[in-house]
Amino acid sequence: ILLSGFRMLYVLSMQLNEEERRFKYERFISSKIPCVIFSTMTRPSQDMIDLAVKYNVPTFVTERTTSSLMAEIIRWLGVQLAPCISIHGVLVDVYGEGILITGESGIGKSEAALELIKRGHRLVSDDVVEIRKVSDVTLVGSAPDITRHFIELRGTGSKREPPLAQDSFGVESVKDTQSIDLVIKLEEWDRDKEYDRLGLHEEYTEYLGNKVVCHSLPIRPGRNLAIIVEAAAVNHRQKKMGYNAAEALYKRVQANLAKKRENPDDEE
């Protein structure tokens, strides 16, 4: 709004005499604004430059149109000023889906992330994930500055991903931000616990008031976590596109049972 209002002020002020124009410019510049941006390559007058220097107000010129620039600034501010929390976990981009892997320390989150990177997916954050609520339906995750592009493997210390990615996997193996679409919670296998095998009913976890689909994944020797995470990402993507494999299987089983009830003497 300030950008658009100033553009109107700037154009209208050209019709004023020099003294009135300078008075309006100074009243505007002296109002403790953070900066002035001239869009569509509009060049500031010398009066404006002198006042900007006098009041120490940064002044920029861009070739973008006013509407395009304002939309980008609003989007950026929406992310930067959004409510934010930090949680313990790993965030990866798998087939375009943001997968947040959580669980107790040492359960294998970083190892799963490293295997996913080797399989062509991208790391966003390891160990600590900063989650921002950019809208009522969207959560965006990123890494803290101090750990960005680092991944820790217990017993070997921290390894910096960019050189490893560029040398071994290419520059596409890391990413700065990613929306969070699915949460996978790793937990120790419990023989006495009954796990959902069909997945007909979605479970959710909540961050900053937003609900995210959450799957509990029991860990036991011999399970390939990377492949399971890939399968979960593909299944979640299919659901968003309108296909639910669990419901399709359930309907097929129900149809088969109904057929048997109608023809009990028929052999399978």
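The values are calculated or read from the model by the stated rules, or taken from the named source; none is laboratory data. Only a predicted model underlies this, so the values are computations on that prediction, with no experimental measurement involved. Please note: Cβ atoms are built from the backbone with ideal geometry, for glycine as well, and neighbour counts cover all protein chains shown. Just so you know, the surface numbers come from the protein's heavy atoms only, side chains and all, with ligands and any DNA or RNA stripped out. Shrake-Rupley method; radii C 1.70, N 1.55, O 1.52, S 1.80 Å.
Restricting attention to region 95-143, report how many residues are within 23 Å of PRO221 (Cβ to Cβ) and among the aliphatic types (A, V, I, L, M).
Adding up the residues that qualify gives 8.
Being in a strand (DSSP E or B) and either in contact with an Asp or Glu (Cβ under 9 Å, 6 or more places away or on another chain) or among the basic types (Lys, Arg) (or both) is the filter here; which residues of region 184-210 pass it?
Residues satisfying the conditions are LYS185, LEU186, GLU187, GLU188, ASN210.
Mind checking which residues of region 164-183 are assigned to a helix (DSSP H, G or I) and modelled with pLDDT of 60 or more?
PHE169, VAL171, GLU172, SER173
Output the number of residues of region 191-210 satisfying the condition of being hydrophobic (A, V, I, L, M, F, W, C) and touching a Lys or Arg at 6+ places or on another chain (Cβ under 9 Å).
The qualifying residues number 1.
Every residue in region 216-231 that is in a helix (DSSP H, G or I) and either open to solvent by 30 Å² or more (accessible area, probe 1.4 Å) or in contact with a helix residue (DSSP H, G or I) (Cβ under 7 Å, 6 or more places away or on another chain) (or both), please.
Of the residues in region 216-231, the ones in a helix (DSSP H, G or I) are 225-231.
Correct list: LEU225, ALA226, ILE227, ILE228, VAL229, ALA231.
Does ARG252 qualify as being at pLDDT 85 or above and over 24 Å from ARG122 (Cα atoms)?
The answer is yes for ARG252.
Given the residues VAL234, VAL213, which is the only one that is at pLDDT 80 or above, open to solvent by less than 90 Å² (accessible area, probe 1.4 Å), part of a helix (DSSP H, G or I) and out of contact with any Lys or Arg (no Cβ under 7 Å at 6 or more places or on another chain)? Give the derivation first.
Working: VAL213 fails: part of a helix (DSSP H, G or I).
Matching residue, one of VAL234, VAL213: VAL234.
Those residues that are open to solvent by 70 Å² or more (accessible area, probe 1.4 Å) and either of a type outside the set (S, T, N, Q) or in contact with a Ser or Thr (Cβ under 6 Å, 6 or more places away or on another chain) (or both), I need them from region 254-268; list them, please.
LEU257, LYS259, LYS260, ARG261, GLU262, PRO264, ASP265, ASP266, GLU267, GLU268 - these are the residues of region 254-268 that are open to solvent by 70 Å² or more (accessible area, probe 1.4 Å) and either of a type outside the set (S, T, N, Q) or in contact with a Ser or Thr (Cβ under 6 Å, 6 or more places away or on another chain) (or both).
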